1. Would you mind getting me the FRET efficiency between Val39 and Gln86? Use the beta-carbon distance for r and R0 = 35 Å, nearest 0.05.
2. Using the number of other C-beta atoms within 10 angstrom as an exposure proxy, rank Leu4, Leu74 with the fewest first.
3. What nm value, rounded to one decimal, do you get for the distance between Trp7 and Ala69 when each label is placed 7 Å out toward the C-beta?
Amino acid sequence: MVALLDWCAEQRAVAIPYGGGSSVVGGVEPPPDCQRPVVSIDLRRLDRVIEVDAASRAARIQAGVYGPALEDQLRPHGYTLRHFPQSFEFSSLGGGALLLRLHASALTLPSPTLNKRVGEGRIAERSLRS
């Protein structure tokens, strides 16, 4: 992923992650005035729970995992995310977490929410300056 983002930066291309495709807000569309090449990055193969730490009750989870597969992988550890949006079957963890983090100030959501469950995330990113 880091190598791909490095390549996009070298090419001055906009990198847009594609998760479940369930977004109705155009999350995979480039900005309307975008004049640079666009690369859509399919996250479907990033679909695993990497680690579950029973002591901290935290998990490392790849961004492309869909809701049902995530629940299936957490269940043997005795955990659940307890986040079941309408798009549960068709949305990825990364898309849901990112959307909630970006719009947290505009949303009033009942507790507990996915937004409160997303702890420290490690995100591979590159910045393009004009």
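Please treat every number below as a calculation from the coordinates, not as lab data. Here the structure is a predicted model, which means the values were calculated and not measured. Backbone-built Cβ (ideal geometry, glycine too); neighbour counts: all protein chains shown.
1. Details: r = 29 Å, r/R0 = 0.83.
About 0.75, to the nearest 0.05.
2. Numbers: Leu4 13, Leu74 18.
Ascending Cβ contact count within 10 Å gives the list Leu4, Leu74.
3. Reported label-point gap for Trp7 and Ala69 is 2.1 nm.
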